[in-house]
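Okay, so here's the structure we're looking at.
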Amino acid sequence: MTRDLGVANLSVVNSQRPTAEFPVVARTCQISGRVQMVGFRAFVMGRARRLGVVGWVHNLPDGSVEALIQGPQSALDKLQLSLARGPAAAQVNGMVVLDVAPSSELCDFSLVP
């Protein structure tokens, strides 16, 4: 199922749902546009930490940025809206979001080289 969050070229594929045993969700987000060399990764990390989201973010060779985000559904939805806009110097052209299985090994948010 694809869900429209009101951002051009943003698609979300839902496959995982929170359970009583693990009440968080995890997603990968690939953000394209002018998203490297504009402070995008630091922006993502700051927003994620403020929302209590764990995971990581890194630059991809094709010029996009990829993030793995994990936390409560409401926090991820808020973070995704921030990712779709980016910091002032960025220009987000698209974002692909995929639900993935949550990991019990994530405990903080980090920048990955």
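Are there any pairs with C-beta distances below 9 angstrom linking a residue in segment 86-113 that is over 22 Å from residue 33 (Cβ atoms) to a residue that is basic (Lys, Arg) and surrounded by 17 or more Cβ atoms within 10 Å (Cβ to Cβ), with the two at least 6 apart or on different chains, and if so which?
The qualifying pairs are 99/27; 100/27.
Quick check: is even one residue across segment 52-69 assigned to a helix (DSSP H, G or I) and buried (at least 16 other Cβ atoms within 10 Å of the Cβ)?
Looking through segment 52-69, none of the residues is assigned to a helix (DSSP H, G or I) and buried (at least 16 other Cβ atoms within 10 Å of the Cβ).
Return the residues of segment 30-70 that are free of Cβ contacts under 8 Å to residues at least 60 places away in the same chain and on the phi > 0 side of the Ramachandran plot; say none if nothing qualifies.
37, 39, 52, 55, 63
What number of residues in segment 81-109 are assigned to a loop (DSSP other than H, G, I, E, B) and surrounded by 12 or more Cβ atoms within 10 Å (Cβ to Cβ)?
The total comes to 7.
Return a yes/no flag: does segment 60-67 have any residue that is at pLDDT 95 or above, under 12 Å from the mean Cα position of the chain (by Cα) and of a type outside the set (A, V, I, L, M).
yes
The values are calculated or read from the model by the stated rules, or taken from the named source; none is laboratory data. Just so it is clear, the structure is predicted and the values come from calculations on it, not from any experiment. Cβ coordinates were reconstructed from backbone atoms using ideal geometry, including for glycine residues, and neighbour counts include every protein chain displayed.
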